[in-house]
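S.K.: One structure follows; several queries about it will come next.
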Amino acid sequence: MDKFVVQGGAKLYGRVKIQAAKNAVLPLLAASVLADDLVTIRDLPHITDAENMLHILSELGCGIVRGDGYVTIDGRNAVSHEIPSTLTRELRSSVFMLGSVLTRFRRAKISYPGGCDIGLRPIDLHLSGLKRLGVTIIEENGYVICSAEKLRGADILLDFPSVGATENIMLAAVKAEGKTVIRNAAKEPEIVDLQNFLSRMGADVSGAGGDTVEITGVKRLHGVDYTPMKDRIEAGTFLIAAASCGGEIETEGVSEENIAALLHKLRENGCKITAKGDKIRLRSSGDLKAASLVETLPFPGFPTDMQAQYAALSATARGTAVIVENLFETRYKYAGELKKMGADVTVRGRTAVIRGVEKLHGAEVSACDLRGGAALVIAGLQADGLTRISRIEHIDRGYESIERDLGVLGAHVRRETGT
Ligand code: EPZ
C-alpha cells in the first residue's frame, strides 16, 4: 500500500494544469456504448475510477484502444447487459451504466451498488425515473434487474436534484420513443458536459445546467471525438491548499462560475482572487479568518466534494467555522485524523464545529475516502513537521497525481510505494 510523506511549511507558487473532470468522464464513458461508431475521449485522467469504468466497458464486450492522452471505445461489439458486480463494488457510480445499457439492450443487470465511505448512496431516484420510462425493475438477491419492451419518453420530477439520477435518465431517454422532461434536474456543470457530448453524438438534449432537461429520442447516435471539461473539484482542492499554506497560484481550465461558491468563501477567509476566462488566480498570506458558516448544497451551492478540503483550511483559520454537510450522512470521517494533527473539530451529526488553532503538527494519519484524503494532504502541507498518510489509494481514485501537481507549486509531498 502506498503512503504519502508530506513535509509542511512551504508556501505555494505557480501555475498548475487541471485534469479532465472525473465526474464528467465517468458518465461520458458510460454513454460511449450508445454510439454506432467509435468514440474517442481525450485527456482521460489516469485515475482508478476511470480505469474501473473502462474495465466495465471491456467486460461488456466493448473494444478499448488507448493512445497518447486519449482512449477510443468501440461500443459496437458490446454483447453483455450485465455489469460485473466485482466492479460495481469498486465503482458505485457505475450505476449510471444502467441507462446506457438499457438503451442499448433493453435490459440491464447490476448488483446493488450499496453504500460507500461517505454515505448510504440510495438509488431510488434512479430507479423511479427509469420506471417512468417504461422499465420493469426487479430487485432480488442483491441485484437490480431491468427490462423494457420499449423505452418511452416521460415527464419525470426528481424529489432531489441527484447528479447520478439525472445522468442515468438522460442516458435511458436519448433513444426512447418521444420526449422526456426531467424536472428538478441536477444543475452541475458535468451534466452540461454530458449534454454536449450526447448532442455531438446526434442526440436531441437541451436545458442542462438549468433545473429542467429535455430529451427527444433519436434513432441513432454516431461516434464522437470529445475533450471533457476540466475538474473543478481538483482546481478547488489546489486553490484551498494555496489559501491555507499561503502563496500565489493560478489554475487554468476552470471558470469562476463553476466554483463560485468556494471562491466566495475563500474571499471571506481573506484571499485575494481574480478570475479571467478559465484562469483563476489566488493570493493568500496563509493567515486566514474563519468563515462563519458553510452549508454544502447542490450546484451552484457550496460543493460537498470540497467540504473536507475546506475543513482542513478552517483548522488553522482564526475563529470558529461551522460546516453543515447536507448531502451525505458520513462525510466527516477525516475529522478524527485531523484531530491527530492537533485540529479542534467537534462533529455532531451533519454539523462540524472547527475552532482554529495556531498550528497543526505532523502525524501518522489514514485517508478514509477520496476527498477526506485530499483534506489530509492539505492539513499536512500547513503542519509543522512530517505527516505520513496511509490508504492513499482513496486519493488515487480521483486525482491523477496530487503529489506531482502540488509539487509543481512547491509543495513537498513524496509517495512511498508499497510500504
Ligand atoms: C455525484 O454523486 C458525484 N459522483 C459525487 O462526487 C458528488 O459528491 C455528488 O454527485 C453530489 O454532487 C459522480 O459524479 C461520479 P447525488 P451522486 O445522486 O450522483 C441522494 C466525488 O467525491 N440520492 O447527486 O451519487 C443521495 O443520498 C464524488 O467525486 C437519493 O436520495 O450524487 C445524496 O444525499 C463523491 N436517491 C444526494 O442525493 C438517489 O437515487 C446527492 O446524491 C440518488 C441520490
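The values are calculated or read from the model by the stated rules, or taken from the named source; none is laboratory data. On a predicted model such as this, the values are computed, not experimentally measured, just so you know. As a convention, Cβ positions derive from the backbone with ideal geometry for all residues, glycine included, and neighbour counts pool all protein chains shown.
S.K.: Name the single residue, out of those in segment 177-201 being crowded, with 24+ Cβ neighbours inside 10 Å and either within 16 Å of D124 (Cα to Cα) or among the small types (G, A, S) (or both), that is nearest to the ligand (Cβ to nearest atom).
M.R.: A185
S.K.: Only residues that are within 16 Å of the ligand (Cβ to nearest atom), closer than 16 Å to E177 by Cβ and in contact with a Lys or Arg (Cβ under 8 Å, 6 or more places away or on another chain): list them for segment 100-147, please.
M.R.: L133
For (1) among the acidic types (D, E); (2) crowded, with 21+ Cβ neighbours inside 10 Å; (3) at pLDDT 95 or above; (4) assigned to a helix (DSSP H, G or I), each residue gets a yes or a no:
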residue: I249; (1), (2), (3), (4): no, yes, yes, no
residue: N258; (1), (2), (3), (4): no, yes, yes, yes
residue: A261; (1), (2), (3), (4): no, no, yes, yes
residue: A275; (1), (2), (3), (4): no, no, yes, no
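Every residue, every condition in (1) in a loop (DSSP other than H, G, I, E, B); (2) of a type in the set (V, I, T); (3) more than 23 Å from the chain's Cα centre (by Cα); (4) more than 16 Å from the ligand (Cβ to nearest atom), yes or no:
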residue	(1), (2), (3), (4)
E337	no, no, no, yes
A352	no, no, no, yes
K359	yes, no, yes, yes
A374	no, no, no, no
A379	no, no, no, yes
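S.K.: On the basis of being buried (at least 16 other Cβ atoms within 10 Å of the Cβ), away from the ligand (no atom under 16 Å from the Cβ), closer than 30 Å to R388 by Cβ and of a type outside the set (S, T, Y), does V16 make the cut? Spell out the reasoning first.
M.R.: Values: buried (at least 16 other Cβ atoms within 10 Å of the Cβ): yes; away from the ligand (no atom under 16 Å from the Cβ): yes; closer than 30 Å to R388 by Cβ: yes; of a type outside the set (S, T, Y): yes.
When the stated conditions are applied, V16 passes them.
S.K.: Looking at A311 and the list (1) assigned to a helix (DSSP H, G or I); (2) touching an Asp or Glu at 6+ places or on another chain (Cβ under 6 Å), which single condition is not satisfied?
M.R.: (2)
S.K.: Only strands (runs of 3 or more DSSP E) wholly contained in segment 99-211 count here; list those with 1 or more residues that are within 26 Å of A20 (Cα to Cα).
M.R.: Numbers: elements: 107-111, 136-140, 143-147, 155-157, 179-183, 204-206.
Because the criterion is at least 1 residues that are within 26 Å of A20 (Cα to Cα), the strands (runs of 3 or more DSSP E) in segment 99-211 that meet it are 204-206.
S.K.: Can you say whether G8 is more than 16 Å from the ligand (Cβ to nearest atom) and not basic (K, R), as far as the supplied structure shows?
M.R.: Details: more than 16 Å from the ligand (Cβ to nearest atom): yes; not basic (K, R): yes.
Judged against the criteria, G8 is a match.
S.K.: Here's another thing I want to ask about it. Consider segment 85-98. How many of its residues are of a type in the set (A, V, I, L, M), within 13 Å of the ligand (Cβ to nearest atom) and assigned to a helix (DSSP H, G or I)?
M.R.: Just the residues of segment 85-98 that are of a type in the set (A, V, I, L, M), to begin with: 87, 91, 95, 97-98.
Remaining after also requiring within 13 Å of the ligand (Cβ to nearest atom): 91, 95, 97-98.
After this cut, where a residue has to be assigned to a helix (DSSP H, G or I) as well, the list is 95, 97-98.
Residues in segment 85-98 being of a type in the set (A, V, I, L, M), within 13 Å of the ligand (Cβ to nearest atom) and assigned to a helix (DSSP H, G or I): 3 in total.
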